[in-house]
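Report on the structure given below.
The values are calculated or read from the model by the stated rules, or taken from the named source; none is laboratory data. Note that the structure is predicted; figures quoted are calculated from it, not measured. Positions of Cβ are generated from backbone atoms using ideal geometry, with glycine treated the same way; all protein chains shown enter the neighbour counts.
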Amino acid sequence: MPSLSGIHPGLFSSADKSPNAKFRANPSGNGRYRFGLDYTLLRVCLIGGLIGGGLCSPPTAHTPRLVIGIVIDQMRADYLRRFSYKRTGGFRRLMEEGLVYWNCHYTYFPTYTGPGHSSIYTGTTPAYHGIVANTWYERSLGRLYYCVADTTVRSVGTSYPVGQRSPRTLWASTITDELRYASQFRSKVIGIALKDRAAILPAGRAGNLALWFDSRAGAWITSSYYTDTLPSWVEQFNAQRYPDSLLRLPWRLQHTRACSDESPHEGSIGGTTSFPHQPTSYEELVMTPAGNWLTFRLAQIAIEAEKLGQRQGITDFLAISLSSPDLVGHIFGTESCEIEEMYQVLDRQLGEFLNYLTWRFRREEVLVFLTADHGAAPTPEALVEKGWNAGRYPEKALLAEAQAYLRSMMFLPDTLRPIEAFLNQSFYFAQGLSPAQRHEAATLLKHWLLRRAHITHVYTAEDLAGPGGSSYAFQMLQAGFLPARSGDLIVVYAPGWIEAEGYAVGTTHGSIWTYDTHIPLIWWGGGIRGGSIYTRVPITAIASTLAFILRTPLPSAAFTPPLQEVIEQWRLPRFDEEFHGGR
Ligand SMILES: [Zn+2]
């Protein structure tokens, strides 16, 4: 059993005696030299005003050998500045050395995990990539459908059905698919995340492997969509039983700052709403920074075992997503001590991961981008206390009243439920209704809903399938609307309002409002010299930007222009240079 110092040991704990310890980075060794010196040199050049020639020119970056996408689940844009990150940490380093887009947004409803990851990697919105929610009502099956569920494949690495997952509902190609295609399938693409959808969707249809965490077994798993057996390095990782060691250690508040740890609007881990938290199951373990540790650790081993970025002339892609910040955000809310502590520890974990990359690769070999799949609403009660408009919308009561209203207005029998499902603020009508009845139900319900407090907009499927409108709310809903999977009527709650029953404590996300759409975007590595951009950019620009840097076809529905500053800083070779040895 490995000994783990502290609840959240650094990524490369010196106490690690595992067989994988040979992968341990030594950031103070010559690793700093290989990557870090470039930045030191660059700073000297900038200070001396010598940039632009000779020694002080940043290297011309050609196609990177390894692209690493880091998605932080539920990271709001303000988190970049809100917590005082340590100078040695990853967020601080990315902000200092990276090109930061301070005003990047999701441009559709609903802002959830499945749609978010799909939009980053396809460069388009749910209306075109198909992932309209984490779970939608699938009319063809007459039941709810989880976005990556697939009963035609089997679990690999677990006896539980949580491995029956695949990307088959994803309709548009991803940048990772296009990289596979452009390399004649020599490039490797691996997705890693505790959440299945956050590992699977970024790896696209053509990904080599996606790994996610079975929180009943406490092990990393996959599905037969990718492979019939777990790679040996994953088996070895699981055999170390890190989760068992981590479970024995409480999560303590180590990075103290003035924060109020007790609130009646928080959930709990291990039965307690304040520090220290003692997780009692793997499911609770991944609600602590231990979840990030498990993810980064596996990512590092994947790079070594699969030799990602280490094959001449081939670009590989590692798509990482960190799920634990989302779990903590939902339980404790955006103002909690827990969310602050989560990000302070993540800052250190990310810093250690970047140190590893600088040890393993030369600067021009790696391109990292960091972003999030959505933000999160402030905890409603925290706003109400200050006199803001916010609250938790009682959806169960709304649904019951809507059923009764439609039945009475349309003279339907008491036994008939005109609304078959209500989720993602979307009403799905009973499939037994005729087209005329559906039209009538939609019109009636729309006007009935619009009379209610804290509902600002309602659009019907007919509205959304039509030519379009100019309002922000309409455009956001239309960009996320796919007739076959989306609801018959979609409701927009007022800013600050979240659903009550699903989230009785803590907070959630999913809306069109800026706290959910505004997320960080940072580019780092290669020729990126850094800087700050305040122009508003859409999340869908990431995939097209990558396509030009990687010289792949654009993903099939990536309509958004690339980010010009990234391409300019990356310093793609001129056309004539390309023919004198590119890659
Ligand atoms: Zn998410």
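Taken as a whole, segment 201-216 holds at least one residue that is among the aromatic types (Phe, Trp, Tyr) and within 16 Å of the ligand (Cβ to nearest atom). Scan segment 438-466 for residues that are touching a Leu at 6+ places or on another chain (Cβ under 7 Å), in a strand (DSSP E or B) and crowded, with 19+ Cβ neighbours inside 10 Å and the total you get is 3.
Would you say PRO435 is crowded, with 22+ Cβ neighbours inside 10 Å, more than 30 Å from GLY123 (Cα to Cα) and free of Cβ contacts under 8 Å to residues at least 24 places away in the same chain? Spelling it out, it is not the case that PRO435 is crowded, with 22+ Cβ neighbours inside 10 Å, more than 30 Å from GLY123 (Cα to Cα) and free of Cβ contacts under 8 Å to residues at least 24 places away in the same chain. Of the helices (runs of 4 or more DSSP H) lying entirely inside segment 301-413, those carrying at least 2 residues that are within 30 Å of ASP261 (Cβ to Cβ) and among the polar types (S, T, N, Q) are 337-360. Cβ-Cβ contacts under 7 Å between residues 6 or more apart (or on different chains), taken from a first residue in segment 368-396 that is acidic (Asp, Glu) to a second residue that is away from the ligand (no atom under 15 Å from the Cβ) and not in a loop (DSSP other than H, G, I, E, B), are listed as GLU395/PHE422; GLU395/GLU499. Pairs meeting the criteria (first residue in segment 193-204 and within 15 Å of GLY69 (Cα to Cα) and at pLDDT 95 or above, second residue of a type in the set (D, E, K, R) and within 11 Å of the ligand (Cβ to nearest atom), beta carbons under 7 Å, at least 6 apart or on different chains) are ALA198/ASP73. Among all positions in segment 170-180, there is at least one residue which is farther than 26 Å from ILE519 by Cβ and either at pLDDT 95 or above or out of contact with any Pro (no Cβ under 9 Å at 6 or more places or on another chain) (or both). Screening segment 106-193 for strands (runs of 3 or more DSSP E) wholly inside it with 3 or more residues that are surrounded by 21 or more Cβ atoms within 10 Å (Cβ to Cβ) and within 16 Å of the ligand (Cβ to nearest atom) returns the ranges 189-193.
Among the residues of segment 282-296, the ones that are outside any loop (DSSP other than H, G, I, E, B) and within 21 Å of TYR85 (Cβ to Cβ) come to 6 in all. Of PRO243, PRO264, PRO279, all but one fail to be in a loop (DSSP other than H, G, I, E, B) and modelled with pLDDT of 95 or more; the exception is PRO279.
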